[in-house]
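The values are calculated or read from the model by the stated rules, or taken from the named source; none is laboratory data. Just so you know, these numbers come straight off a predicted model, no measurement behind them. Note that each Cβ is placed from the backbone with ideal geometry, even for glycine, and that neighbours are counted across all protein chains shown.
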Amino acid sequence: MNNYEKNEKYADLMGRLKEAINRDFYYEAIFIEYAILEDRTESLLKHAKLSLTDYNGVPLNLNSNYKKLSIQ
């Protein structure tokens, strides 16, 4: 995904997040926020040249990404 596509994706997600909050769809807002946080932590790991998978090759979840970042 290039920078333009990523920018469009985030603009869409932020618009959906704002609408979900305005309509009191808090459960949907939580999932959108989770997706954004997960993507941002994965990006941080990539830029830090750290692995995005565990020792079994399974992709890390948000909690594991956060722990990996806080240890480094």
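Is it true that TYR66 is touching a residue at least 12 places away in the same chain (Cβ under 8 Å) and of a type in the set (Phe, Trp, Tyr)?
Numbers: touching a residue at least 12 places away in the same chain (Cβ under 8 Å): yes; of a type in the set (Phe, Trp, Tyr): yes.
The answer is yes for TYR66.
Would you check if TYR26 is loosely packed, with under 13 Cβ neighbours inside 10 Å and either in contact with a His (Cβ under 9 Å, 6 or more places away or on another chain) or of a type in the set (Ser, Thr, Tyr) (or both)? Spell out how you get there, then give the answer.
Working: loosely packed, with under 13 Cβ neighbours inside 10 Å: yes; either in contact with a His (Cβ under 9 Å, 6 or more places away or on another chain) or of a type in the set (Ser, Thr, Tyr) (or both): yes.
Against the criterion (loosely packed, with under 13 Cβ neighbours inside 10 Å and either in contact with a His (Cβ under 9 Å, 6 or more places away or on another chain) or of a type in the set (Ser, Thr, Tyr) (or both)), TYR26 qualifies.
Scanning region 7-58 for residues that are among the polar types (S, T, N, Q), under 22 Å from LEU69 (Cα atoms), free of Cβ contacts under 8 Å to residues at least 12 places away in the same chain and assigned to a helix (DSSP H, G or I) yields a single hit, SER43. Do we find that TYR4 is in a helix (DSSP H, G or I), out of contact with any strand residue (DSSP E or B) (no Cβ under 7 Å at 6 or more places or on another chain) and in contact (Cβ under 8 Å) with a residue 24 or more places away in the chain in this structure? No; evaluated as a whole, the condition is false for this residue. No other residue among LEU44, LEU62, LEU17, LEU50 is of a type in the set (A, V, I, L, M), modelled with pLDDT under 90, over 12 Å from the mean Cα position of the chain (by Cα) and surrounded by 14 or more Cβ atoms within 10 Å (Cβ to Cβ) apart from LEU50.
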